[in-house]
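Below is one structure, written out as structure tokens; the observations come after it.
What follows is calculated from the coordinates using simple rules that are stated; it is not laboratory data. These numbers come from a predicted model, not from an experiment. Here the Cβ is made from the backbone with ideal geometry for all residues, glycine too, and neighbour counts use every protein chain on show.
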Amino acid sequence: MAITVMEVLKNLPRTNCGDCGQPTCLAFATHVIKEGEDLDKCPHLTGAGADLGQAVRAQQEAGVGRRRESLAISLEVLQEKVAPLDFAALAQGLGAAYGEEAGRPYLLLTYFGHPLQVFKDELRYPPGAPADPWDAILLYNYLASQGQEPVAGRWIAYNSLPNSVSKAKTLVRLEQKLADHFAGQTAQLKQRADRLGGETVAVGEDADVQVAFLPLPKAPLLLLFWDAEVEEGFAPQAHWLFDASVTHYLDLEAMLFLVERLMERLME
Ligand code: SF4
């Protein structure tokens, strides 16, 4: 049986240190399986991870496991987790509406402003909504959380969460990328945020842009952006903040994943 992205990921240190050139271990595992990336590019492999190298190389040489296949297998794992859940009981807590179609339960979830029908084994987009196969990974993670907490209405920093120290570096890299991309382009950032349904808020910061997004019903994100001030010698800065209830809906990895999805839409 083919080695999957999840199997490679399980054998990586999962510190998201970025030394392999990818922002996260998940991204690296995906590149290994879908693009034929060399597993040895992770310099921190030990034990089972190092042993896996030979099998991965053999699979790569045989041309097994490309993006579509590995994605399908990762999804399968998540959908197996979601399969026994009672959608009707979970709907309200997840900020979704419950429905059935020909006896098949589904949750109607607003994702980046589009109502998506999430069946246990199928994700259905409305006409015209942009579809990305990676969305399904994030959405089934969200459902698997079974979160029922109300949104706290209080913003917290990623690095204030338990066990976030190593992964926080990934977020810093993402923030830097966003800040560099929109340096001198505050108006453009505001315009794109607006297009994505971002809502300008005032959180008491002196940031040039303060926008709250609701990419998933119970997972609001706040973007703070300070443009460069060349004369003062200040570089541009960006920070992402999360609602204090976020860990009831997304794990640390999925939070980064959500930021990446949102940044792709902002920067495209
Ligand atoms: S180098 Fe770091 S980010 Fe890349 S796979 Fe290894 S542990 Fe993960």
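Yes or no: the range 126-140 includes at least one residue that is out of contact with any Pro (no Cβ under 6 Å at 6 or more places or on another chain) and under 18 Å from Phe242 (Cβ atoms). Yes; the residues of the range 126-140 include at least one that is out of contact with any Pro (no Cβ under 6 Å at 6 or more places or on another chain) and under 18 Å from Phe242 (Cβ atoms). Under the condition of being more than 20 Å from Lys177 (Cβ to Cβ) and either more than 9 Å from the ligand (Cβ to nearest atom) or not charged (D, E, K, R) (or both), the residues counted in the range 3-26 number 11. The residues of the range 27-44 that are near the ligand (Cβ under 9 Å from one of its atoms), surrounded by fewer than 23 Cβ atoms within 10 Å (Cβ to Cβ) and not in a loop (DSSP other than H, G, I, E, B), listed by number, are Ala27, Lys41. Going through the range 27-36 one residue at a time, which ones are in contact (Cβ under 8 Å) with a residue 12 or more places away in the chain and at negative phi? Correct list: Phe28, Ala29, Thr30, Val32, Ile33, Lys34, Glu35.
Tallying residues that are exposed (fewer than 13 other Cβ atoms within 10 Å of the Cβ) and in contact (Cβ under 8 Å) with a residue 40 or more places away in the chain within the range 174-204 yields 3.
Close contacts from the range 15-26, counting a first residue that is touching a residue at least 24 places away in the same chain (Cβ under 8 Å) and outside any helix (DSSP H, G or I) and a second that is more than 6 Å from the ligand (Cβ to nearest atom) and of a type in the set (A, V, I, L, M), with Cβ to Cβ under 8 Å and a gap of 6+ residues or different chains, come to Asn16/Leu256; Pro23/Leu174; Pro23/Leu256; Thr24/Leu256.
None of Ala131, Ala89, Ala136 is of a type in the set (Gly, Ala, Ser) and not in a helix (DSSP H, G or I) except Ala131.
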